[in-house]
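Trainee: Please see the structure below; I have some questions.
The values are calculated or read from the model by the stated rules, or taken from the named source; none is laboratory data. Note that the structure is predicted; figures quoted are calculated from it, not measured. All Cβ positions, even for glycine, are placed from backbone atoms using ideal geometry, and neighbour counts span all protein chains on display. Surface accessibility is based on the protein's heavy atoms, side chains included, excluding ligands, DNA and RNA. Shrake-Rupley method; radii C 1.70, N 1.55, O 1.52, S 1.80 Å.
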Amino acid sequence: MYAADAKRYILKLINIQNHIEKKGYRRIDQAAVRQAKEHLRKYLEYYKFDSDEKMRGFFERNHDKIKTLIPTESYPGFKKLMNEFINLQNHNETH
């Protein structure tokens, strides 16, 4: 189900960024990363997005914020995370 997969992916990105930040790594756009984390976390906690249609809309509206949370290319899981992002985005565009 798209809604569950997309929500799980976004929460995974938030957790990765929290972990990276606790380890002391900082990006040039760290303020944007923090803002994106808070915005996405707040909405995912408050609204259910329990249907694929609702989650597709949320993903589309927040595309840039979600992409901001993907770690840089030096992160070991970068390619996997980017592929997941592209798959979710492509699935979103085909419906």
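Trainee: Could you count how many residues in the range 33-51 are outside any loop (DSSP other than H, G, I, E, B) and open to solvent by less than 40 Å² (accessible area, probe 1.4 Å)? Talk me through it step by step, then tell me what you get.
Mentor: Restricting attention to the range 33-51, the residues satisfying the condition of being outside any loop (DSSP other than H, G, I, E, B) are 33-46.
In the following step, the residues that additionally are open to solvent by less than 40 Å² (accessible area, probe 1.4 Å) were identified as 33, 36-37, 40, 44.
The total comes to 5.
Trainee: Sticking with this one: Within the range 64-88, can you find the residues that are open to solvent by less than 50 Å² (accessible area, probe 1.4 Å), closer than 20 Å to residue 29 by Cβ and either among the aromatic types (Phe, Trp, Tyr) or not in a loop (DSSP other than H, G, I, E, B) (or both)?
Mentor: Once the filter is applied, which keeps residues that are open to solvent by less than 50 Å² (accessible area, probe 1.4 Å), closer than 20 Å to residue 29 by Cβ and either among the aromatic types (Phe, Trp, Tyr) or not in a loop (DSSP other than H, G, I, E, B) (or both), the range 64-88 yields 66, 68, 78, 81, 82, 85.
Trainee: If you scan the range 1-32, which residues turn out to be open to solvent by 30 Å² or more (accessible area, probe 1.4 Å), under 16 Å from residue 63 (Cα atoms) and hydrophobic (A, V, I, L, M, F, W, C)?
Mentor: Once the filter is applied, which keeps residues that are open to solvent by 30 Å² or more (accessible area, probe 1.4 Å), under 16 Å from residue 63 (Cα atoms) and hydrophobic (A, V, I, L, M, F, W, C), the range 1-32 yields 11, 32.
Trainee: A follow-up question, please. Output the number of the condition that residue 32 fails; it satisfies all remaining conditions of (1) touching a residue at least 24 places away in the same chain (Cβ under 8 Å); (2) on the phi > 0 side of the Ramachandran plot; (3) small (Gly, Ala, Ser).
Mentor: Here residue 32 meets the rest and fails (2).
Trainee: In the range 19-63, what residues are small (Gly, Ala, Ser) and over 16 Å from the mean Cα position of the chain (by Cα)? Walk me through how you get there before you give the answer.
Mentor: Filtering the range 19-63 down to residues small (Gly, Ala, Ser) leaves 24, 31-32, 36, 51, 57.
The answer is 24, 51.
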